[in-house]
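The values are calculated or read from the model by the stated rules, or taken from the named source; none is laboratory data. These numbers come from a predicted model, not from an experiment. Here the Cβ positions follow ideal geometry from the backbone for every residue, glycine too, while neighbour counts run over all protein chains shown. For accessibility, only protein heavy atoms count, side chains too; no ligands or nucleic acids. Shrake-Rupley method; radii C 1.70, N 1.55, O 1.52, S 1.80 Å.
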Amino acid sequence: MINQRNIIWLIPLALLITFPLWRLPLGAFLTPRGGYDPAYANLDADTHNFTMDKVRIQQIHSGKKSAEIRAESARTGDKPDEYIMTKVDTDVYDNDGEITNITADRGIYNVETKQLTLIDNVVILKSKDQQSLYTDLLYYDDEKRTVWCPGPTRMVAEDAEIRGGNLRYEVESGQYEIGGRVHCLIEGFSQP
């Protein structure tokens, strides 16, 4: 005798027995159209790879021109917002419009953070104060208006030469802070 409880068990049993008949049509129906290309999954996102000659970048801070960066050439780097530059020549303007010129062999400019990194043979000329500074690595932050040289620096003024382990400079206030082991040679200095 077939009762209601036995009929419920017949449905899964019928599906299991007829599986070979309906497996192929159902599989064909559920297969994605157009196929699958494994190389498509490995595509990179859109990148902007380019090289420019005679580059000029101007920075504006609080409505005034704060820096102008010139380079012989620039190209995109590994990070999307960075330009890698060669033969960099930069003018940094203080609040009074006085220019401090900075040159280097290489540089990296980050568009997002507005930071300039100068590498190899960095020379800073502050003609107003007749000062020059020499180092191999310099970071300029346009937002904070600071210059940071983490390595050995040599500063030459009219009657003085100062060597230090690192240097920090505030563009707004014009203050230098020389750290590490500091060696100072002052000409024309007489003891009291």
Which of the residues that make up segment 152-192 are assigned to a strand (DSSP E or B), touching a residue at least 24 places away in the same chain (Cβ under 8 Å) and under 29 Å from the mean Cα position of the chain (by Cα)? THR153, MET155, LEU167, GLU170, ILE178
If you go through segment 62-72, how many residues are part of a strand (DSSP E or B) and either on the phi > 0 side of the Ramachandran plot or surrounded by fewer than 15 Cβ atoms within 10 Å (Cβ to Cβ) (or both)? 3
Which one is modelled with the lowest pLDDT among residues in segment 168-192 that are loosely packed, with under 15 Cβ neighbours inside 10 Å and hydrophobic (A, V, I, L, M, F, W, C)? PHE189
Please verify whether segment 16-30 includes one or more residues that are within 30 Å of THR146 (Cβ to Cβ), basic (Lys, Arg) and at pLDDT 85 or above. no
Would you point out which residue out of MET85, MET52 is touching a Phe, Trp or Tyr at 6+ places or on another chain (Cβ under 9 Å), assigned to a strand (DSSP E or B) and over 23 Å from GLU143 (Cα atoms)? MET52
Out of ASP129, ASP136, ASP142, ASP120, report the one residue that is within 24 Å of GLY164 (Cα to Cα) and open to solvent by less than 20 Å² (accessible area, probe 1.4 Å). ASP142
Within segment 145-167, the residues that are among the hydroxyl-bearing types (Ser, Thr, Tyr) and surrounded by 17 or more Cβ atoms within 10 Å (Cβ to Cβ) are THR153
